[in-house]
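All remarks here apply to the structure that follows.
The values are calculated or read from the model by the stated rules, or taken from the named source; none is laboratory data. Note that the structure is predicted; figures quoted are calculated from it, not measured. Here Cβ is always computed from backbone atoms with ideal geometry, including for glycine, and neighbour counts include all displayed protein chains. Surface accessibility is based on the protein's heavy atoms, side chains included, excluding ligands, DNA and RNA. Shrake-Rupley method; radii C 1.70, N 1.55, O 1.52, S 1.80 Å.
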Amino acid sequence: MQRHSTHSPLLSLPGAVPAEGRDEGVAAHYGDLFREQRALAGGTGFVDLSHRGVVTVTGDDRLSWLHLLLTQHVSELPVGQATEALILSANGHIEHALYLVDDGETTWAHVEPGTQDDLIAYLESMKFFYRVEVADRTADVALVHLPAGSIAEVPDGVVVRETPHGRDLFLPRAELEAFGAAHGPAAGIFAYEALRVETHRPRLGFETDHRTIPHELGWIGSAVHLQKGCYRGQETVARVHNLGKPPRRLVFLHLDGSEVHLPGHGTPIRLAADGAEGRQLGFITTSARHHELGPIALAMLKRNVPVDAELLAGDTAAAQETVVEP
């Protein structure tokens, strides 16, 4: 996955600690992880997501064209209605995740940091005779998240993508610093991710690997429409939906709170009864410290692991809650 090199001016805010890895470029936190989480959960503050890629599609054919390429039904997407969609490989594996809204003239999407170049290259290769223009707007548009319940005013002219989890603002990057000063307190990506894990929302590159199919993550329905025309990878989607079950499933884990270190992405999961030398049954995808639930995680497990099985994530005891039914 490519990295996005832009560093947010909000990293100059008091207490800001830079995030690393895929979220490099914004703050991990501003000095108090749990205070920041509680603020977001209570509907105050904002999250700087300006490291995410922003892509637009304009032109009269934009929605009918995107409908042919995406897993979601978007040909008649109402103005202002948020949706999400995937682009799959020919074998049905997830390649891109797009978070969309259309303002009546332009379809806006935000995507994982650094993935916009590959996404745009694919979209450009599929333009053919359609009246569409694709643009990378990451350099001049910054994504900002307002939590659910926020009464913060949105600046005039800013495109908003509203979901049950809050509002995503496509803010002119030049206005980011002033927005931060007026709409604090800022919350870091750690707080945002903890609430994402709590609500079982998968993220490309975290909950996915090179062979993930949408069924494994519960993305059928929210990002994949089962009653629409052809798109790349649709055969796999239909076959698994109609004839079988996916080989793996996303689960939510409560982790042993006595451990100092969180098991990181990729940490092997085994049956507790088999110990650290047992057969690997899955792996941690995202772990976080939650202000109420304590240490939690999302993980990918083999489908046939019993839902009541006691697990070990590395050497950390874990109990699972079902996200995707076995």
**Message:** Need the failing condition index for GLY221 against (1) under 18 Å from the mean Cα position of the chain (by Cα); (2) modelled with pLDDT under 95; (3) within 24 Å of ARG38 (Cβ to Cβ); (4) not hydrophobic (A, V, I, L, M, F, W, C), just the number.
**Reply:** (3)
**Request:** Could you grab me the full set of residues in the stretch 310-326 that are assigned to a loop (DSSP other than H, G, I, E, B) and either among the aromatic types (Phe, Trp, Tyr) or farther than 28 Å from ALA39 by Cα (or both)?
**Result:** GLY314, ASP315, VAL324, GLU325, PRO326
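Restricting the search to the stretch 147-162, which residues are out of contact with any helix residue (DSSP H, G or I) (no Cβ under 8 Å at 6 or more places or on another chain) and open to solvent by less than 70 Å² (accessible area, probe 1.4 Å)? First the steps, then the outcome.
So in the stretch 147-162, the residues out of contact with any helix residue (DSSP H, G or I) (no Cβ under 8 Å at 6 or more places or on another chain) come out as 148-151, 153-154, 156-162.
Residues satisfying the conditions are ALA148, GLY149, SER150, VAL154, VAL158, VAL159, VAL160, ARG161.
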**Request:** Scan the stretch 8-22 for residues that are outside any loop (DSSP other than H, G, I, E, B), free of Cβ contacts under 8 Å to residues at least 24 places away in the same chain and open to solvent by less than 60 Å² (accessible area, probe 1.4 Å) and jot them down.
**Result:** LEU11, GLY21
**Fill in**
Those residues of the stretch 268-309 that are open to solvent by 10 Å² or more (accessible area, probe 1.4 Å) and in a loop (DSSP other than H, G, I, E, B) come to a total of 16
**Neighbours by Cβ (under 9 Å, 6+ apart or cross-chain): first from the stretch 201-226, without any contact (Cβ under 8 Å) to a residue 40 or more places away in the chain and among the hydroxyl-bearing types (Ser, Thr, Tyr); second assigned to a loop (DSSP other than H, G, I, E, B) and open to solvent by less than 10 Å² (accessible area, probe 1.4 Å)** = none
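Quick one: count up the residues across the stretch 267-288 that are within 18 Å of PHE190 (Cα to Cα) and of a type in the set (Gly, Ala, Ser).
Residues that pass the stated criteria total 2.
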**Message:** Need the failing condition index for PHE179 against (1) within 26 Å of MET300 (Cβ to Cβ); (2) crowded, with 21+ Cβ neighbours inside 10 Å, just the number.
**Reply:** (1)
**Message:** Quick check on my filter: what residues within the stretch 228-251 are assigned to a loop (DSSP other than H, G, I, E, B) and over 13 Å from LEU70 (Cα atoms)?
**Reply:** GLY244, LYS245, PRO246, PRO247
**Item:** Complete set of residues in the stretch 23-48 that are surrounded by fewer than 21 Cβ atoms within 10 Å (Cβ to Cβ) and closer than 25 Å to GLN116 by Cα
**Value:** GLU24, ALA28
**Message:** Given (1) within 30 Å of PRO185 (Cβ to Cβ); (2) of a type in the set (Ser, Thr, Tyr); (3) under 20 Å from the mean Cα position of the chain (by Cα), identify the lone condition not met by THR44.
**Reply:** (3)
**Message:** Among the residues that make up the stretch 192-214, is at least one of them over 30 Å from GLY282 (Cα atoms), in a helix (DSSP H, G or I) and either open to solvent by 60 Å² or more (accessible area, probe 1.4 Å) or at pLDDT 95 or above (or both)?
**Reply:** no
**Fill in**
Counting only residues that are within 28 Å of GLY21 (Cα to Cα) and open to solvent by less than 60 Å² (accessible area, probe 1.4 Å), the stretch 123-145 contains a total of 9
**Prompt:** Where residues in the stretch 235-267 are of a type in the set (Lys, Arg) and open to solvent by 20 Å² or more (accessible area, probe 1.4 Å), which of them is farthest from GLY21 (Cα to Cα)?
**Reply:** ARG239
**Message:** Return the pair list, or none, for Cβ contacts closer than 7 Å from residues in the stretch 70-97 that are of a type in the set (Asp, Glu) to residues that are open to solvent by 50 Å² or more (accessible area, probe 1.4 Å) and assigned to a loop (DSSP other than H, G, I, E, B), at least 6 apart or on different chains.
**Reply:** GLU84/SER222
